[in-house]
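**Student:** So that we are looking at the same thing, I have put the structure below in structure tokens.
The values are calculated or read from the model by the stated rules, or taken from the named source; none is laboratory data. Quantities reported herein were computed from a predicted structural model and do not represent experimental measurements. Every residue, glycine among them, receives a Cβ derived from its backbone with ideal geometry; neighbour counts consider all protein chains shown. Accessible surface is based on the protein model in full, side chains and every heavy atom, while ligands, DNA and RNA are left aside. Shrake-Rupley method; radii C 1.70, N 1.55, O 1.52, S 1.80 Å.
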Amino acid sequence: MKDDSETFPRGFLFGTASSAYQCEGGNSWSDWAVAEAAEGRTAAPRGRKLAEACGEAADFWNRYRSDFVLAREVGSGIHRISIEWSRVVPSPDTLNREALLRYRDMVLAMRERGIEPMVCLHHFTLPAWIAKRGGLLSRRLVLAEFGRFVRSVIDVLGNSVSWWVTVNEPGILATCSYLAGTFPPFKKNYIAYRYALNTLLSMHRLASGMLREAVPQVKIGAAHAFTYVKGMHRGNLFEKALAALVSAHMNGLVFAGMPRSSLDFFGINYYGPNYVSGFSLRPSREGDPVTDMGWSIDPAGLVEGLRWAWTRYGLPLLVTENGIATENDAFRIEYLRAHLSSVLSALREGIGVVGYMHWALTDNFEWAEGFSKRFGLIGVDYATQVRTVRRSGRWFAELSRSGRLPELQTQISRAE
Ligand code: BGC
């Protein structure tokens, strides 16, 4: 007999995600490209902040058609791309219309394959010329230019895309760029962090308003990396209390800047927990098995994140990112199964989750960590750009086909 507790509701969306800079390749116009070039010129490897340059990445810009064939093979029914602002507006007063038309072709190519396109307007990068003029700290410039960019995207894609994400992970981007100092412009300053975060949240509201007005029938969302924080040491009440505060603060700031009226759905990105140890925040606990990013694994955090969003917004929820960097594909399947079980628990609680999108479709450029971190259901050999569908990709295809969680050891046949 079938176990209903392992079955997703009819119509539940299974899909995949990616972002422009991380997979397209050939970008010399973004703040990242400039930072990578500058790093290349600094001799001392100890001072390096970035593992390597993005270069051709996964050459998605030229290979998207065949990648969508593979996306279908791994069971993706909805796929998120992002539009690279720096490619569309590489310098002041320029608009690269050809690039916009190629994005339109991407959307059509997805539709031809039966994949629902989801388009994200901002995923981490800035045009270098804007970064040079202060980036997220020049709020007026950013909003004026982002508005112009969004208008041009709506003009070309507005009628062919139903699912929109305004801004990806404002909290993470502001943290990495202005608090942790791991993303350009590598700053560590709380005031700047708050200012940058507010700029990103304003970008969200701006884009949402523009979409609402121009294409009222579409679904507007945002993707928030849910910060799930726990105390490092069991029984340590100070750490426990601090963890609750940090979590309320980090998630609360994003909630405050993204009113319900600006959204039709809400996206939760979730990878793993953080631990408060004394006054610092760590991505892992001693003794825990970790991913290749050095992150602990705790699927309970995904239920927490979905519950958090559901109680605040009460809107349809999507897991817009979840996945693992690992060279061990059996471990990836275990991670996937555990996190999809969390989605099922959330559904049993009555939380309105309507879809799950795996990060990532293919291996790609993992920001400051470079290419060594393998998140894809599809592996990429960067020397040849040859793709290989992983066993986890076939496991995901089976899930998407049947709407049920396959066993870890399922016999997975190669999809045709
Ligand atoms: C980001 C992705 C990134 C992934 C894994 C998310 O924070 O949206 O760009 O690759 O996490 O680190």
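**Student:** Name the residue, out of G272, G314, that is touching a residue at least 12 places away in the same chain (Cβ under 8 Å), open to solvent by less than 50 Å² (accessible area, probe 1.4 Å) and either among the charged types (D, E, K, R) or in contact with a Ser or Thr (Cβ under 6 Å, 6 or more places away or on another chain) (or both).
**Tutor:** On the way: G314 fails: either among the charged types (D, E, K, R) or in contact with a Ser or Thr (Cβ under 6 Å, 6 or more places away or on another chain) (or both).
That would be G272, the only listed residue that is touching a residue at least 12 places away in the same chain (Cβ under 8 Å), open to solvent by less than 50 Å² (accessible area, probe 1.4 Å) and either among the charged types (D, E, K, R) or in contact with a Ser or Thr (Cβ under 6 Å, 6 or more places away or on another chain) (or both).
**Student:** Shifting gears a bit: Within the bounds of the stretch 355-374, is there any residue that is of a type in the set (S, T, Y), in contact (Cβ under 8 Å) with a residue 40 or more places away in the chain, part of a helix (DSSP H, G or I) and crowded, with 16+ Cβ neighbours inside 10 Å?
**Tutor:** Looking through the stretch 355-374, none of the residues is of a type in the set (S, T, Y), in contact (Cβ under 8 Å) with a residue 40 or more places away in the chain, part of a helix (DSSP H, G or I) and crowded, with 16+ Cβ neighbours inside 10 Å.
**Student:** So how many residues does the stretch 279-298 have that are open to solvent by less than 30 Å² (accessible area, probe 1.4 Å) and either away from the ligand (no atom under 16 Å from the Cβ) or at negative phi (or both)?
**Tutor:** Counting residues in the stretch 279-298 that are open to solvent by less than 30 Å² (accessible area, probe 1.4 Å) and either away from the ligand (no atom under 16 Å from the Cβ) or at negative phi (or both) gives 3.
**Student:** Which is without any contact (Cβ under 8 Å) to a residue 60 or more places away in the chain and under 19 Å from the mean Cα position of the chain (by Cα), of A222, A192, A196?
**Tutor:** So the residue among A222, A192, A196 that is without any contact (Cβ under 8 Å) to a residue 60 or more places away in the chain and under 19 Å from the mean Cα position of the chain (by Cα) is A222.
**Student:** Still on this structure: Would you confirm, using the coordinates I've provided, whether A51 is touching a helix residue (DSSP H, G or I) at 6+ places or on another chain (Cβ under 8 Å), at pLDDT below 95 and within 16 Å of the ligand (Cβ to nearest atom)?
**Tutor:** Criteria met by A51.
**Student:** Which residues, taken from the stretch 156-175, are in a helix (DSSP H, G or I) and either free of Cβ contacts under 8 Å to residues at least 12 places away in the same chain or more than 23 Å from G134 (Cβ to Cβ) (or both)?
**Tutor:** Residues satisfying the conditions are V156, L157.
**Student:** Please verify whether the stretch 368-391 includes one or more residues that are within 16 Å of the ligand (Cβ to nearest atom), of a type in the set (S, T, N, Q) and under 21 Å from A223 (Cβ atoms).
**Tutor:** Checking the stretch 368-391: not a single residue is within 16 Å of the ligand (Cβ to nearest atom), of a type in the set (S, T, N, Q) and under 21 Å from A223 (Cβ atoms).
**Student:** On the given criteria, is L237 touching a residue at least 12 places away in the same chain (Cβ under 8 Å) and either open to solvent by 50 Å² or more (accessible area, probe 1.4 Å) or not aromatic (F, W, Y) (or both)?
**Tutor:** Answer is no for this residue.
**Student:** So if I check each of G267, G301, G305, which one is outside any helix (DSSP H, G or I) and within 16 Å of the ligand (Cβ to nearest atom)?
**Tutor:** Only one candidate qualifies: G267.
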